[in-house]
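Quick note: the coordinates plus some simple rules give every number you see, no bench work behind them. Note that the structure is a prediction, hence the values are computed from the model and not measured. As a convention, Cβ positions derive from the backbone with ideal geometry for all residues, glycine included, and neighbour counts pool all protein chains shown.
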Amino acid sequence: MSCVETSSGAETVALGARLGRFLLPGDFVALVGELGAGKTQFAKGVAQGLEVASDTPVTSPTYTILNIYQGRIPLYHFDLYRLQGPEDVENLGFDEYFSGNGACLVEWAERLEEDLPSEILTVTLSHTGPESRSVSFTGSGKRGEELVAALFPG
């Protein structure tokens with residue numbers, strides 16, 4: 001696990017952009033953190049790193065559950081806050097995106113429980129002050145570990 005602290009929303013966006021530059025089709029990023037922890041700010045940065053057009057608004061898909069953004073690869077941005085459990089995702093057919101031709105970024109991914117992929121990067125955001133956040137990165141499986149290594153070489 002690697003951890004950094006950001007001192008502003010702009011720094012959280014920049015950290016997400018750094019990750020976005022490394023994402024490949026099939027990558028799965030789980031965003032974990034309480035309300036207001038900065039998950040959507042981080043997602044905005046990931047979209048920047050994936051070269052989503054700067055005039056495309058990146059918002060949390062709390063009510064639509066899924067937003068798709070076109071960049072150098074598609075970004076499938078999920079928000080599972082309103083779902084009750086993994087069976088809701090299964091019923092909606094979202095699992096087809098989890099190994100698709102884009103990268104998945106899933107807010108409230110812990111709602112998937114045991115249905116989380118084995119190759120995953122978990123990004124946990126937490127408040128450390130009014131504007132500051134602690135952001136930790138934990139890779140699971142080969143690809144998750146590769147992403148952590150790419151973000152934090154040496």
Once you have the Kirkwood Rh of the chain from its Cα pairs, apply Stokes-Einstein at 20 °C and 1.002 mPa s and quote D in µm²/s. 141
Order of Asp55, Asp79, Asp27, Asp115 from fewest to most other C-beta atoms within 10 Å? Asp55, Asp115, Asp27, Asp79
Spelling it out for Gly100: with amide H atoms placed in the peptide plane at 1.01 Å from N, the residues 5 or more places away or on another chain with amide H under 5 Å from its amide H are Gly26
Options Phe152, Ser136, Cys104, ranked by Cα towards positive dipole end of the chain, top entry (Cβ charges): Phe152
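Express the relative contact order of the chain as a whole percentage, based on alpha carbon pairs under 8 Å and six or more residues apart in sequence. Walk me through the numbers before you get to the answer.
Working: 334 pairs, mean separation 49.4, N = 154.
Relative contact order, the chain: 32 percent.
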Val32 long-range amide H proximity, modeled H, under 5 Å: Val123, Thr124, Leu125
At 222 nm, what value in deg cm²/dmol follows for the chain if DSSP H runs of at least 4 each add -39500 (n - 2.57) and the sum is divided by all its residues, to the nearest 500? -8000 deg cm²/dmol
In the neighbourhood of Thr59 defined by beta carbon distances under 14 Å, the net charge of the other residues (Lys, Arg +1; Asp, Glu -1) is -1
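By per-residue mean of other Cβ atoms within 10 Å, what is the highest-first order of 8-18, 143-153?
So the peptides 8-18, 143-153, ranked by packing, come out 8-18, 143-153.
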